[in-house]
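K.L.:
Questions regarding the structure given below will be posed in turn.
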Amino acid sequence: CKIHRHMKCSFVLQSAYIMETVCAFLYSHSHGKPWPQPMFILENGEMCRNPTEVKMSQIVLPCHANYCGELSAGQLLKWMDSTACLSAERHAGCSCITASVDDIHFITTIGVGQVVNITAKVNRAFTSSMEVGILVSCEDLFSNRQWKVCHAFATFVARRTEAGKVQLKQVIPRTQAEQMEYSLAAERRRMRLIHAEIINDLLSSCSSQTGDERLDYQDAVPAERTRVESVELVLPPHANHQVSTFGGQIMAWMENVATISASRLCNAHPTLRSIDMFHFRGPSHIGDRLVLKAIVNNAFKKSMEVGVCAEAYQGGEPLRHINTAFMTFEVLDNDRKPCTLPRIRPEPVDGKRRFQEAIARKKIRLDRKYIISCKQSEVPLSVPWDPSNQMYLSYNNVSALKMLAARNNWVLTSEKNKVSLYTLEENQTLCFKVETHVAVAAEQVFLLLSDLRRRKAWDHHYQYVKLITDSDEDDTIYRVVTPSVTKRGKVQDFILLASRRRPCDSGDPYLIALRSVTLPSYPPTEDYNRGEVLCAGFSIWEEENTFTKISYYNQATPGVLPYISTDIAGLSSSFYCTFASCSAFLQENKESLASLPTSTL
Ligand code: COA
């Protein structure tokens, strides 16, 4: 009955909440409720607080506000950067610099007289860099209400010493939320380090597709009118004790010129909605002249993209590129609804390129929002795959598995010869986990299980497997055919994205994450029921003496549940047969030269 109820429920995927829960260390949408305390209780009952956590509270004064009486985004960025820097330095024990800040989406504005509360903590340290999670909330002192304004992830790097690069100590996650953040931080790092490369590839492919498009620019505002250039002299108050310019100060200056540029298009006061990833390419110091340039790249119906660039020089030196950012602005009417914006007429050549690239970035932003942060109930189970959203789907796939694996409330349902079946019921979802150990090296297990074509050898549910495409070395798409779930029913097929990850450091598992995607070239057909996998995969842990722990996870969907329902109900133990056969397959092939799938089609 329980299982039947689960099948009827709308299955809510953990991954849907990735961006909602990645900051689970703190934030809540609890309007009017007391803000949760950062203290947590360990399993031994001891109360403790994350040692890297730093908090800042500021009352918004008129000097922090813009012409509308709202806190300027630039000032907020400065406070966020300072808080995050102090958290990073608390962990590193030495001076740190801002390397990058991931995309920020501002949910609400903050008025004069309200209080801004900023909390930052180090989620994970790598070699010399750390990811710092930043949460910003607003507090109304009169009504005692609090609400979230934005969250962000910044990367700080410990400043090199004479001895060279600093090796940071590891962060030790102590709660389930911290464990989840720790695990996801590795995935976010991967995404940010390849971000620029991927965006450039996409932009060049999109410009070649749309380069010759003839656009009607009548009645449009010439982009030239929105061009802003402004210089700032870096003085001691703009710098830290190492005489380097604060990253937050540079972001604030960039936001200032971007706002002027946006105002020139709409002849109104624009509101900053989001900022694409900031990457500080090189340092700036006291005495630098910072040249800040901004221009509206494109105006869409209700929003506009402003490109802004910061360059530095001293004396007769050539300009040094410090940062380039893209900011999205809206103009709000009296009801806080976005107004329709005038169109823009780009300048020839470079202006047209920027105009087209802004369209491509808008698509990328929407994909990212759709795949990474929207609620699962708002999207179909399978997400369309295409090269422009590949990075986000891969991130989503692995992050969902990591989140599922980090849960600590699995219940042991059944066990046979050291193969254990666990279940987890939460938020109308049913997940299962099968755990076993093998005497095969973890890397070999990873290679053997990574290639889904070999799964036929041990899993009778995999009747036919075809490799459709290797998107890159970490991601492969397969078509898998499985038996019918009813006696005379149709067989099922699945289009699966398999995303593989090697350990980021010695304490991490190997991961193989699986989820359904849709491909226009493989539509559902009459002869097959198209099944869907929401979140599944393997986590492979290296243990002592070449012993490896394998955990297989699956968030049950109507397409998958029938294969396991009798096991979960305790009426059968087919999971045991399948995983015993998996162990035998791994043993037989422990010496074979397994390799990751390559583009063989
Ligand atoms: N986002 C996140 N981390 C990044 C990054 C980016 N865009 N680019 C580099 N890093 C990380 C690397 O992964 C590496 O981390 P690890 O040591 O944990 O593996 C770390 O930065 C250092 O990388 P390295 O290759 O040794 O140095 P680099 O030549 O790439 O320089 C900076 C990286 C950040 C030190 C350099 O770009 C810089 O000085 N930027 C200006 C920083 C600054 O002054 N900020 C304040 C405002 S001006």
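The values are calculated or read from the model by the stated rules, or taken from the named source; none is laboratory data. Quantities reported herein were computed from a predicted structural model and do not represent experimental measurements. Cβ atoms come from the backbone with ideal geometry, glycine included; neighbour counts cover every protein chain shown. To get the accessible areas, we keep the full protein, side chains included, count just its heavy atoms, and leave off ligands, DNA and RNA. Shrake-Rupley method; radii C 1.70, N 1.55, O 1.52, S 1.80 Å.
K.L.:
Which one is nearest to R345 (Cα to Cα), of the residues in region 233-242 that are surrounded by fewer than 20 Cβ atoms within 10 Å (Cβ to Cβ) and either away from the ligand (no atom under 11 Å from the Cβ) or at pLDDT 95 or above (or both)?
P.N.:
For region 233-242, the residue satisfying everything is L233.
K.L.:
Oh, and also: For the list (1) assigned to a strand (DSSP E or B); (2) within 25 Å of A360 (Cα to Cα); (3) within 13 Å of the ligand (Cβ to nearest atom), I need the number of the one condition that M254 fails.
P.N.:
Tallying (1) assigned to a strand (DSSP E or B); (2) within 25 Å of A360 (Cα to Cα); (3) within 13 Å of the ligand (Cβ to nearest atom), M254 fails exactly one: (1).
K.L.:
Now for a separate question. Checking A312 against (1) within 25 Å of the chain's Cα centre (by Cα); (2) at pLDDT 95 or above; (3) under 30 Å from A158 (Cβ atoms), which test does it fail?
P.N.:
(1)
K.L.:
Can you pull out every residue in region 188-222 that is modelled with pLDDT of 80 or more and either closer than 16 Å to D472 by Cα or away from the ligand (no atom under 16 Å from the Cβ) (or both)?
P.N.:
R190, M191, L193, I194, A220, V221, P222 - these are the residues of region 188-222 that are modelled with pLDDT of 80 or more and either closer than 16 Å to D472 by Cα or away from the ligand (no atom under 16 Å from the Cβ) (or both).
K.L.:
Quick one: would you say V465 is in a strand (DSSP E or B) and free of Cβ contacts under 8 Å to residues at least 24 places away in the same chain? I'd like the intermediate steps shown before the answer.
P.N.:
Working: in a strand (DSSP E or B): yes; free of Cβ contacts under 8 Å to residues at least 24 places away in the same chain: yes.
Yes; evaluated as a whole, the condition is true for this residue.
K.L.:
Let me ask something else about it. State which residue pairs qualify: first residue away from the ligand (no atom under 11 Å from the Cβ) and inside region 111-137, second residue of a type in the set (D, E) and in a strand (DSSP E or B) in any location, beta carbons under 6 Å apart, and separation of 6 or more residues or different chains.
P.N.:
Qualifying pairs under 6 Å: G111/E70; Q114/D140; V115/E139; N117/E139; N123/E131.
K.L.:
Go through region 47-63 and give me each residue that's under 18 Å from C138 (Cα atoms) and in contact (Cβ under 8 Å) with a residue 12 or more places away in the chain.
P.N.:
At the first step, the residues of region 47-63 found to be under 18 Å from C138 (Cα atoms) are 54-63.
Within region 47-63, V54, K55, M56, S57, Q58, I59, V60, L61, P62 qualify.
K.L.:
Within the set of pairs 6 or more residues apart or between chains, which connect a residue that is open to solvent by 30 Å² or more (accessible area, probe 1.4 Å) inside region 187-203 to a residue that is modelled with pLDDT of 90 or more and within 10 Å of the ligand (Cβ to nearest atom) with Cβ atoms less than 7 Å apart?
P.N.:
Between residues of region 187-203 that are open to solvent by 30 Å² or more (accessible area, probe 1.4 Å) and residues that are modelled with pLDDT of 90 or more and within 10 Å of the ligand (Cβ to nearest atom), the close pairs are R189/F126; R189/E131; A196/H279.
K.L.:
Could you figure out which of (1) away from the ligand (no atom under 12 Å from the Cβ); (2) among the aliphatic types (A, V, I, L, M); (3) at pLDDT 90 or above isn't true of L168?
P.N.:
(1)
K.L.:
Quickly run through region 323-354 and pick out the residues that are hydrophobic (A, V, I, L, M, F, W, C) and closer than 14 Å to A294 by Cα. Walk me through how you get there before you give the answer.
P.N.:
To start, the set of residues in region 323-354 that are hydrophobic (A, V, I, L, M, F, W, C) comprises 325-327, 329, 331-332, 339, 341, 344, 349.
Within region 323-354, A325, F326, M327, F329 meet the criteria.
K.L.:
Right, here's the next one. Check whether at least one residue in region 437-451 is open to solvent by 10 Å² or more (accessible area, probe 1.4 Å), at pLDDT 90 or above and either part of a strand (DSSP E or B) or touching a Cys at 6+ places or on another chain (Cβ under 9 Å) (or both), and report yes or no. Don't jump to the end; show me each part of the working.
P.N.:
Initial filter on region 437-451 (open to solvent by 10 Å² or more (accessible area, probe 1.4 Å)): 437, 439, 441, 443-444, 447, 451.
Okay, now just the ones that are also at pLDDT 90 or above, so 437, 439, 441, 443-444, 447, 451.
Adding the requirement that they be either part of a strand (DSSP E or B) or touching a Cys at 6+ places or on another chain (Cβ under 9 Å) (or both) leaves 437.
Yes, region 437-451 contains at least one residue that is open to solvent by 10 Å² or more (accessible area, probe 1.4 Å), at pLDDT 90 or above and either part of a strand (DSSP E or B) or touching a Cys at 6+ places or on another chain (Cβ under 9 Å) (or both).
Quick grid of which residues meet (1) open to solvent by 10 Å² or more (accessible area, probe 1.4 Å); (2) of a type in the set (S, T, Y):
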{"residue": "R515", "(1), (2)": "no, no"}
{"residue": "P520", "(1), (2)": "yes, no"}
{"residue": "E526", "(1), (2)": "yes, no"}
{"residue": "N545", "(1), (2)": "yes, no"}
{"residue": "S551", "(1), (2)": "no, yes"}
{"residue": "Y563", "(1), (2)": "yes, yes"}
{"residue": "A569", "(1), (2)": "yes, no"}
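K.L.:
Sticking with this one: Being of a type in the set (D, E) and within 26 Å of P62 (Cβ to Cβ) narrows it down to one residue among D103, D140; which is it? Spell out the reasoning first.
P.N.:
Values: D103 fails: within 26 Å of P62 (Cβ to Cβ).
That would be D140, the only listed residue that is of a type in the set (D, E) and within 26 Å of P62 (Cβ to Cβ).
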